[in-house]
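Notes follow the structure.
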Amino acid sequence: MRADLLSGTVVALALIPEAIAFSIIAGVDPKVGLYASFCIAVVIAFVGGRPEMISAATGTMALVMVDLVKDYGLQYLLAATLLTGFIQIFLSYIGIHKLMSFVARAVVVGFVNALAILIFVAQLPELTNVTWHVYALTAVGLAIIYLFPYIPKIGTIIPSPLVTIVVITIFVYFMGIDVRTVGDMGALPDTLPIFLLPNIPLNFETLQIILPYSIALAIVGLLESFMTTTIVDELTDTKGDKQKEARGQGIANIASGFLGGMAGCAMIGQSVINVKSGGRGRLSTFIAGFLLLIMVVFLSDIISIIPMAALVAVMIMVSIGTFDWGSIKGLKTLPLFTNIVMLTTVIVTVYTHNLAHGVFAGVLLASLFFANKISHFMYCETSYNEDNSIKTYKSVGQVFFNSADKFYSTFDFKEVLDKVVIKLRREGCDVEVIGKNEASCTIIDRFGIHDKKEEIEKVMGGH
């Protein structure tokens, strides 16, 4: 419980600048992102399928909703958030989580590495055109993060990121150093969120406006949440429930929309902070959301003086910890196609700043490589009986678009099954296709013609 409380506190502090920044990206007031982060984190703590995983407003989701806010305003965003939640709940019941089995390991590694790069790049504005104090404070922050755990007893009790934030804040405040703080990013809310309904016309035209955005938000949110679930599974050697997580994300987004927040999803950066800081239960997620609201509403004067340099140090730690450094060594030992898939996912994601685009490119490329690989395992053996009156073709492997030519070439003429059988029968041979499984029998019965007398007569007619 102690570890969950402390790690949740660290995450709450890290969520504040992130939520404000994502609100700015989406073009809405900072309180929209802060309310969303509070609401989603608290709700997902109860209904999510992966303990210790943090969900809140995210940059990926913010990028999807930019045009909607710009063209139609906040009220339509709130309506789209509600619809996003309902779509995610529907997708959870039709088994959307099973699609994760089609995501290759190389794509997951590429996703993680790209996210680590994007997290680091997101910190660069705080390190550009600043005084030397910022660099010094960031360096000191990183030193505390990595060295504090080595202090006997206390180093393993208190999360080093929390120590970093507290120490640097106190130092900057009493030394009077003029650096950028959380308060400089935007006004923090001074009231609790209230239940509200989007003030928009309830008609088909409104649905046409928000539906495309809601579908995109639902898919992107679930994709990032499933990816994050996989990463947290590996970090903790436990297994999360992706179907329950998908349903939980939907419920959380509905709650966010009713409380004036925007749509969100799982956050790999904050989830890594939580796990690295010792968070292992749902309490850590709940504390992160609960303290976030308490801090920004009731302790805004204190939170506003936290130097951004301290939070930058924490996020750089997250970036370093998130990156799969083993994948660099793997460039020399892993198969070429695996490295190409990983690097493609990284490049597309970083270039577009859209994780969904990167994952889609990686999955597509991995599928093509897999199809090519499987086609090489298809071969055909031929044999004759004792008096050479019967020739048997034994085809082993998958016959599909990429291996069809190889299947054709095993015969004396390049035809598919129907034409193979028909042509052999034309030559006076008795042909029997054996070794079919149930699926093959169903397909042949439905689409095949070599056993249908009337179809054979059409084909044979005139020859």
How large is the accessible surface of residue 324 in square angstrom, using a 1.4 angstrom probe and rounding to the nearest 10? 50
Residue list for segment 201-238, given a label point 7 angstrom along the Cα-to-Cβ vector of residue 360 and an amide N cut-off under 18 Å: 211-227
Output needed: percent of Cα pairs per 10 Å distance bin for the chain, bins running from 0 to the one holding the longest distance. 4, 18, 24, 19, 12, 9, 7, 4, 2, 0, 0
Per residue accessible area of the chain, 1.4 Å probe, in Å²: 50
Of all accessible heavy-atom area on the chain, the percent that carbon and sulfur account for (1.4 Å): 64
58, 156, ranked by accessible area, largest first (probe 1.4 Å): 156, 58
Find how much the distance from residue 194 to residue 394 grows on full extension, using 0.36 nm per residue of separation minus their present alpha carbon separation; answer in nm with one decimal. 65.0 nm
Going down the table (31/244; 31/276; 239/373; 98/373; 239/329; 31/153), which pairs top 32 Å between alpha carbons? 31/153
Lys, Arg +1 and Asp, Glu -1 on Cβ, resulting dipole of the chain about Cα centre, debye, nearest 20: 580
Reduced to Cα centres, the span from segment 1-72 to segment 267-301 in Å works out to 10
Along the dipole axis of the chain (charges at Cβ: +1 for Lys and Arg, -1 for Asp and Glu; origin at the Cα centre), the most positive-end residue among 167, 383, 107 is 167
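The values are calculated or read from the model by the stated rules, or taken from the named source; none is laboratory data. Keep in mind it's a predicted model, so treat the numbers as computed, not measured. Every residue, glycine as well, gets a Cβ built from its backbone with ideal geometry; the counts of neighbours run over all protein chains shown. With ligands, DNA and RNA removed, areas are computed over all heavy atoms of the protein, side chains included. Shrake-Rupley method; radii C 1.70, N 1.55, O 1.52, S 1.80 Å.
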